[in-house]
Amino acid sequence: MSDEGSCSPEPKNSQKEKGKEIIPGDPHYNQPGHISTLFGVIVGQHGKKKQDNSLSGMYGPLLYVSPFTNTVFARTLAEDASVQEVKHDETYFVHTPLYELAPQGFPMNPAQADTLYSMMRNVSYRSDACSQAYDLLVVFQQIASFTRPQDRDRTMTYILKIDHFDLSNPPSHVLPHVFPLIEQPSSPFRYNP
């Protein structure tokens, strides 16, 4: 989801942007876009606004969204984060290639979406990292498809319009998903900047 973008109401120039497809090299490719207030907005460090990545719970049981950092985790990292944060009330931090490329888990701009897609297809990364990237992209793409066009951010629009985001047939090195029961936080979101 967009990070540090503008909030509703939508800026005037984004009407032009909606009809235009963003591609690598475009000035908007590496930038977050409009943040709809549909899913909630979190004010982080220095007053910067972020999309609430819990997306009103639309991410389902495959992922875990940290109430401490607003980071989205998949697979074993989701399990580990859930245990540490829900059971022990401690912030979970991870330093992996995936979270170096997409620090919030969900892509924050079209460039991060492309980076996660490339990572998912690249056999030089560990299978679990490729599988986590795949899960994050699939869930993000599904959420984007269920979101009204006027409420989508730049990355949601991008991941639905770009032809190469066909996630229906994952590469063979992406591991089949085992559905763990991820314990979700019961308290309201409490992002600590």
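Just so you know, all these numbers are worked out from the coordinates, no wet-lab data involved. Worth saying up front: this structure is predicted, and the values here are computed from it rather than measured. Backbone-built Cβ (ideal geometry, glycine too); neighbour counts: all protein chains shown.
Some points to look at:
- With a simple spin-label model that places each label point 7 Å from the Cα along the Cα-to-Cβ direction, the separation between Asp166 and Val123 comes to 2.0 nm.
- The range 143-154 - phi-based ³J(HN,Hα) in whole Hz, Karplus 6.51/-1.76/1.60, Gly and Pro as x: 4, 4, 5, 8, 9, 4, x, 6, 9, 7, 8, 4
- Derived scalar couplings ³J(HN,Hα) [the range 70-82; Karplus, 6.51 cos²θ - 1.76 cosθ + 1.60; whole Hz; x for Gly, Pro]: 6, 8, 9, 10, 10, 6, 5, 5, 5, 5, 4, 5, 4
- Cut-off 13 Å between beta-carbons: net charge of the residues surrounding Thr115, Lys and Arg +1, Asp and Glu -1: -1
- Taking other residues whose beta carbon is less than 14 angstrom from the beta carbon of Gln142, and scoring Lys, Arg as +1 and Asp, Glu as -1, yields -1.
- Using 0.36 nm per residue and subtracting the Cα-Cα separation, the extra length available between Thr76 and Phe146 on full extension is 22.6 nm.
- Applying the criteria of a DSSP loop state and at most 16 other Cβ atoms within 10 Å to the GluC sites (Glu not before Pro) of the range 61-159 yields Glu90.
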